[in-house]
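Asks: The structure's right below; bear with me while I get my questions together.
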Amino acid sequence: MTNPSEMRTQKISAIMFTDIAGFSKKLSEDEVRAFDLLKTHDALIRVLTAKFDGKVLKSLGDSFMVEFPNGANAVKCAVEIQKRFWNFNRGKMESDTIRIRIGIHISETLIRHGDILGADTAIVSRIEAMTEPNRICISQEAYEHIKNVLPIQVFKVGLLELK
């Protein structure tokens, strides 16, 4: 008999990583203000990922890893997140803003204990880390899934060398 803790499945997933740019600096400057911003950030990310059928797999500090059933939902969610934070930031001092980076990748994933494992999670994490604040960067695989589905403007950045 199979041990339930060893159960795993493989499937195609769209994975989104988010991270607040400059959060460590905000934390060192004013811890109370930084944690208030983090609460606002976390609440918005959780509401919007649920709206687009996303499942938060991990939340660590100021970062989220979210799984979506398809690339279109992941990208629509990312666009909505950036719009909401743009509106939130309007007219505020830099110390009171939330500027996030978002990376999205689609691949076959291994799910074990409700967590996604594999090299492709490292890819999306590195895509997010290379993304400018207030931007969304998607992999070529994600683009191939959404290019005929979503009417969005994309800019090709070329090949990026990931560790």
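Asks: Answer yes or no as to whether Leu117 is out of contact with any strand residue (DSSP E or B) (no Cβ under 8 Å at 6 or more places or on another chain), open to solvent by 60 Å² or more (accessible area, probe 1.4 Å) and modelled with pLDDT under 90.
Replies: So Leu117 fails the test.
Asks: With the condition kept exactly as written, say whether any residue in the stretch 73-93 is at pLDDT 90 or above, within 27 Å of Arg33 (Cβ to Cβ) and part of a strand (DSSP E or B).
Replies: no
Asks: Take Met65 and decide whether it is crowded, with 17+ Cβ neighbours inside 10 Å, outside any helix (DSSP H, G or I) and in contact with a Gly (Cβ under 9 Å, 6 or more places away or on another chain). Steps first, answer last, please.
Replies: Numbers: crowded, with 17+ Cβ neighbours inside 10 Å: yes; outside any helix (DSSP H, G or I): yes; in contact with a Gly (Cβ under 9 Å, 6 or more places away or on another chain): no.
Against the criterion (crowded, with 17+ Cβ neighbours inside 10 Å, outside any helix (DSSP H, G or I) and in contact with a Gly (Cβ under 9 Å, 6 or more places away or on another chain)), Met65 does not qualify.
Asks: For the stretch 10-41: of the residues being over 30 Å from Glu108 (Cβ atoms) and hydroxyl-bearing (Ser, Thr, Tyr), which is least open to solvent (accessible area, probe 1.4 Å)?
Replies: Taking the candidates together, the pick is Thr40.
The values are calculated or read from the model by the stated rules, or taken from the named source; none is laboratory data. All values derive from a computational prediction rather than experimental measurement. Glycine gets a Cβ as well: all are built from the backbone with ideal geometry, and neighbour counts include every protein chain shown. Note: accessible area is taken over every heavy atom of the protein model, side chains too, but ligands, DNA and RNA are not part of it. Shrake-Rupley method; radii C 1.70, N 1.55, O 1.52, S 1.80 Å.
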